[in-house]
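The values are calculated or read from the model by the stated rules, or taken from the named source; none is laboratory data. Everything numeric in this text was worked out from a predicted model, so none of it was measured. Quick reminder, even Gly has a Cβ in these numbers, built from the backbone with ideal geometry, and neighbours come from all protein chains shown. Remember, those area values only see protein heavy atoms, side chains included, never the ligands or the DNA or RNA. Shrake-Rupley method; radii C 1.70, N 1.55, O 1.52, S 1.80 Å.
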Amino acid sequence: MNQSPVPVTASGSPAASPATPEPGDSAVEGSSDQPDTPKPVSEPQPRRAAHLSDSTVGPLPGRGLEGHRWIARPSEAYTAQALKERLIGGVQSWRDYPVSLRLWFWLIPAITAILGGILRFFRLDDPPSLVFDETYYVKDAYSYVVSGYERSWPANANDSFNSGNPDILLNTPEYVVHPPVGKWMIAFGMWLFGGDNPFGWRFSAALAGTLTVFLVSLIALKLFRSHTLGAVAGLLLAIDGHHLVLSRTSLLDVFLALWILAAFGALLMDRDDGRRRLASRLAAQAAASPGGRPKPSQLVAGPWLGMRWWRLVAGLCLGLAVGTKWSALFFVAAFGLMTVLWDLSARRIAGIRSWFSAGIIKDGIPAFVTIIPIAAVTYVASWTGWFLSKDAYYRQWAAANPAPGLDWLPNSVRSLAHYHLEAYKFHQGLSSDHPYESSPWTWLIMGRPTSFFYQTPKQGTPGCVVETCSSAILPVGNPVVWWGGTIALAILLFWWAGRRDWRAGAILAGVAAGYLPWFMYPERTMFIFYAVSFEPFLVLGLTYVLGLVLGRSGDPAWRRRSGLYIVALVLVLAVLATAFFYPVLTAEVISYQEWRMRMWMPSWI
């Protein structure tokens, strides 16, 4: 019987797919390196790997043809283990690490999160007053604690709030233009620690920032299969000044970043889960067929993969992200496309002949009906306080504005729809001048950080021993992280387009979804702190490039040592930069000259 040969590794199993850690299927699939469908091969060429891992489990083959066996029988290619190695790689979960390394898979994210938590919770109640847009979100959150919806405040509300007396709410509703999730999260901290103190106002933001550090380290471990790079990613986000300030201030954006990153992590888990299912079901079909491979009819479209539970988690997280800020809708679109393209690639690599149409029908449509309804239900549920109220803003609008032909809709639904339309008009027309507004063109180079707080304490006040002092909160990013991350994006573009590394594409998708849409609204008033939504992906991009600098585990010792020195230097410079800028990130009282030394660009003042 003629049997088509397929590429295999030296062990006799099919060559591992680029998931770990080769670049075989990019996050936005449009091209492929070598056809993965089994077919006769006369002179197979090796697929070059872009190894990032410095702690890869097991020996790696050489860079050339030595150590490789490129031809195998299909009966060997369609075993469950062979398919999993081709689709996922040799390291398929943290349990595949040696016992000595498994504990570190969880300890590394925990340690970086502890570091991030110390930086975020230390002196969290300083300054002891509402800063920047806390004047809106903290007071809205207190309204939630009291009544479940936003109520208005008297003219002297900030002074009363700062003095520890927030209980001056009026009975009239307040018009707001952001969904409730982020404010409910702020309200959780106030419920725990009271609404009369800054620690209670900011607790949830600090917790969300700390959890984001944990997640970015865990995701880096998942992406790169490297303990070192997991630690690098967690450390870089933990010490970055921009993320640090947003984690110490009760604005909505740090909560947005948390839910977006959680959704991305859930989709990474779903990627592996879906490929395991595909491998298991194809292997079962092969075992039941003569010759040890699936029947030709079974390889036309491949099997259905069943319920993808991680996609439900992703839908929940995306619903919470949209319920924090509407800008998360761009992440819903980008991540939805990304997860379907991952599935298309999986079917192609597994040898499915009609992989594109099969992936759309058997993976794409189920992905849509899994993620989008869950996200929508989660979003609507976040408005429960508004639904339960009787006098929240626009709550009774439908009763006063009958709509013939739409009478079948409940008045509450029509009222909420009208509320959303009015809020959308507000956002579209938001073009008033602000001294710290900034164009997205300047965000990656930190052209115009937003001043959250600035005071000039007098000599003799605590901490001020000179004639002129300053106390400031300026969310300026770590120059090593932001400028290095900007350079890294260009390298990722090459690695995604030229080397077809799916990890580079996934990181770029996260940056693009959080960054590029803002260019569609050039007249809108925008601020650089919006960039915190995609900052974790910028950190992952820089970590990716530092992994390239580290080199492959099979590289000569001098090459690995040189790469390690360079990466260590980058980390040391990043830590020193944070130490230098720390006083203007956390409202420390310093002399005016020391503050002026930290204003590297005139646009920072």
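Using the Cα centre of segment 549-605 as the reference point, and only Cβ charges (+1 on K/R, -1 on D/E), how large is the resulting charge dipole? Debye, rounded to the nearest 20.
340 debye
Let me know the shape class of segment 267-394, please: from the alpha-carbon gyration tensor, a ≥ b ≥ c as square roots of the eigenvalues, rounded when a/c is under 1.5, otherwise prolate if a/b is greater than b/c, or oblate.
Here segment 267-394 falls in the prolate category.
Ignoring ligands, DNA and RNA, what percent of the 1.4 Å accessible area of segment 494-561 is carbon and sulfur?
66 percent
I need the helices of the chain that pass two filters: whole DSSP H segments spanning 15 Å or more by Cα along the axis, and mean Kyte-Doolittle score no lower than 0.5.
99-121, 181-193, 198-224, 227-239, 309-322, 329-350, 365-381, 479-497, 502-515, 535-550, 557-585
Sort by residue number and report every cysteine in the chain with no other cysteine beta carbon within a distance under 4.7 Å.
Cys317
Relative contact order for the chain: what is it in percent, counting Cα pairs under 8 Å that are at least 6 residues apart?
The value is 19 percent.
Given a cut-off of 18 Å, name the pairs among Lys183/Lys325; Lys183/Lys390; Lys139/Lys425; Lys222/Lys362 whose C-alpha atoms lie farther apart than that in the structure shown.
The pairs that break the limit, which is 18 Å between Cα atoms, are Lys183/Lys390; Lys139/Lys425; Lys222/Lys362.
Arranged from highest to lowest average of other beta-carbon atoms within 10 Å per residue, in what order do the peptides 327-336, 103-112, 210-219 appear?
Listed from highest to lowest mean packing, they are 210-219, 327-336, 103-112.
At R0 = 25 Å, how high is the FRET efficiency between Phe122 and Val575 if r is their beta carbon distance? Nearest 0.05 is fine.
That pair, Phe122 with Val575, gives E of 0.95.
Give me the number: length gained by fully extending Ala568 to Asn165, i.e. 0.36 nm times residue separation minus the C-alpha to C-alpha distance, one decimal in nm.
140.2 nm
Taking the Cα centre of the chain as the origin and placing charges on Cβ (Lys, Arg +1; Asp, Glu -1), which of Trp558, Val322, Ala231 is farthest toward the positive end of the dipole?
Towards the positive end, the residue furthest out is Trp558.
So between Gln455 and Trp309, what do we pick up on full extension, going 0.36 nm a residue minus the alpha carbon distance?
Gain in length upon complete extension: 47.5 nm.
How large is the accessible surface per residue of the chain, computed with a 1.4 Å probe and reported in Å² as a whole number?
41 Å²
With +1 assigned to the C-beta of every Lys and Arg and -1 to the C-beta of every Asp and Glu, and no other charges, what is the dipole magnitude of segment 75-228 about the Cα centre in debye, to the nearest 20?
Here segment 75-228 has a charge dipole of around 780 debye.
How much mean residue ellipticity at 222 nm does the chain get from its helices, if each DSSP H run of length 4 or more adds -39500 (n - 2.57) and you divide by all residues, to the nearest 500 deg cm²/dmol?
Rounded to the nearest 500, it is -17000 deg cm²/dmol.
Just how large is the dipole of the chain about the Cα centre, in debye to the nearest 20, putting +1 at every Lys and Arg Cβ and -1 at every Asp and Glu Cβ?
2300 debye
Compute the length gained on full extension between Leu337 and Val413: take 0.36 nm times their separation in residues and subtract their Cα-Cα distance, giving the result in nm to one decimal.
Full-extension gain reported as 24.4 nm.
Sort Arg293, Arg395 by accessible area with a 1.4 Å probe, largest first.
In descending accessible area the options line up as Arg293, Arg395.
Over segment 86-172, what is the relative contact order in percent, taking alpha-carbon pairs closer than 8 angstrom and at least six residues apart?
19 percent
At q = 0.08, 0.09 Å⁻¹, work out log10 I(q)/I(0) for the chain with the Debye formula, treating every Cα as an identical point scatterer and leaving solvent out; two decimals please.
One equal scatterer on each Cα of the chain leads to -0.62, -0.77.
Considering the dipole of the chain built from charges on the beta carbon (Lys and Arg +1, Asp and Glu -1) around the Cα centre, which of Ser431, Val213, Pro583 is farthest to its positive end?
The residue sitting most towards the positive pole is Val213.
Order 119-129, 507-517 from most to least packed using the mean count of other Cβ atoms within 10 Å.
Order by mean packing, descending: 507-517, 119-129.
Suppose R0 equals 60 Å. What FRET efficiency, 1/(1 + (r/R0)^6) with r the Cβ-Cβ distance, do Ser129 and Ser289 give to the nearest 0.05?
0.25
Got a sec? Charge dipole of the chain, +1 on Cβ for Lys and Arg, -1 for Asp and Glu; which of Ala512, Gln396, Trp191 is way out at the positive end?
Ala512
Rounded, prolate or oblate: which fits segment 406-558 when a ≥ b ≥ c are the square roots of the eigenvalues of the alpha-carbon gyration tensor, with rounded for a/c under 1.5 and prolate only if a/b beats b/c?
oblate
Restricting to Cα pairs below 8 Å that are 6+ residues apart, what does the relative contact order work out to for segment 411-523? Please round to a whole percent.
RCO, segment 411-523: 19 percent.
Computed FRET efficiency, Cβ-Cβ of Trp441 and Ser280, R0 35 Å: what is it to the nearest 0.05?
The value I calculate is 0.15.
Just the accessible area for Phe527, please: 1.4 Å probe, Å², rounded to the nearest 10?
Number for this one is 20 Å².
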